[in-house]
Amino acid sequence: MSDVARAAGVSSATVSYVLSGKRPVTAETRESVHSAIDRLGFRLNPVARSLRTGRSMMVALVVPDLANPFYALLARSIQDKLRGRGYHVVVSNTGAQRGEEEALLQEAVHQRFAAVVMTPFRLAADAFEMIRGAGIPVVVSADTPFDGVDLVTPSSDQAVVDALTHVAASGRRSVGVIAGPLDVPGGDPRLDRIKTHVAALGLQVRDEHVVHGEHTREAGAAGFEKLLRSSRRPEAVLCVNDMTAVGAMDVAEELGLEIPGDIGLLGHDDIDIASLVRPRLSTIRYSAREVGAVASALLLEQIDGRTQPRTVRVSAQFVRRASL
């Protein structure tokens, strides 16, 4: 460490502060220290550091569904951003179950994780009090608000308006929604945004045209079948994410329905599969890579000493393809 200090022109204590994040340092000093580390090929002993600081170099990424490629991209983005600071990402799947979410937060405390990034599904905001009390930085990625923690959340109202404007311009008027489950704290902001804007564009979402389920391909298939059984089939279906939209596509293919000729379809997130299926899926792009980059930056700010919670909104965009 003394060699790094000499190369960076700072004290050994300053190098320690940069590496541990226990005290704030200027961006210029941090860059100088990391540059010296890279030149010298310096590597921390993670066991020694863990014993000294009481923290590991592991960051927990807790997500609801590893079968959704969105979370693989999120994990890759976070790992890419944190690797340069010596952190490693451990990914855990909750199956969108509250018990699993709570258990994994407790495990992060017991295992002395350095930080946590989480997409909670059924947790309330007060569930993070334990982990914050343990002094572990945490960033939440969610559509719903969470007080007292750093939050990465979409800014998607304009994207929804653009998508609905396209629906109206195509001559469709009746819109169905495959939404998330009813028992999620904070409701379903994606459904709320759709309902907020439909009337002004001359569109209608009937009560029977809103179906609820998990954010999975299977739930999308079941929800789409239910919409098709309604007394008047909707002319376009907007899905809570791309995976549910792919499930809807499965059913349409089985029944011989043409998309978009018989019914239009919109996803959300723009995972890679959206541009691979046929017809290619129109969607609302919410970049997992950008969410991961923002979450990583917020984590490092906390590790470097920031204590006041921040909310960062990541812009979403309507992507017009062949399904709508």
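Read-outs throughout are calculated quantities, based only on the coordinates presented, and are distinct from any laboratory measurement. Just so you know, these numbers come straight off a predicted model, no measurement behind them. FYI the Cβ positions are ideal-geometry reconstructions off the backbone, even for glycines, and counts take in every protein chain you see.
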Region 177-254: Kirkwood hydrodynamic radius (Cα pairs, Å) comes out at 12.6
Between Ser323 and residues 5 or more places away or on another chain, the pairs with built amide H atoms under 5 Å apart involve Ser282
What length, rounded to one decimal in nm, is gained on full extension from His88 through to Glu253, with 0.36 nm per residue of separation minus their alpha-carbon distance?
55.2 nm
For Leu257, list long-range residues whose amide hydrogen, built 1.01 Å from N in the peptide plane, is under 5 Å from its own amide hydrogen.
none
Extension gain, Ser2 back to Gln97 (0.36 nm per residue minus Cα-Cα distance, nm):
29.4 nm
Taking 0.36 nm per residue of separation between Leu276 and Glu218 and subtracting their Cα-Cα distance, the length gained on full extension comes to 19.0 nm
Return the ratio Rg/(2.2 N^0.38 Å) for region 1-43, where Rg is computed over Cα atoms only.
0.97
222 nm mean residue ellipticity, helices alone, for the chain (DSSP H n ≥ 4; -39,500 (n - 2.57); rounded to 500)
-12500 deg cm²/dmol
Report, by chain and number, residues whose modeled amide H sits under 5 Å from the one on Val139, excluding near sequence neighbours (fewer than 5 apart, same chain).
Val116, Val117, Met118
If you take every DSSP beta bridge whose two residues both sit in the chain, what share of them, in percent to the nearest 5, is antiparallel?
10
Based on other C-beta atoms within 10 Å, arrange Ile271, Ile78, Ile136 from fewest to most.
Ile136, Ile271, Ile78
Fewest-first ranking of Thr119, Thr244, using other Cβ atoms within 10 Å as the exposure measure:
Thr119, Thr244
What ranking of Val140, Val167 emerges when the number of other C-beta atoms within 10 Å of each C-beta is taken as an exposure proxy, fewest first?
Val167, Val140
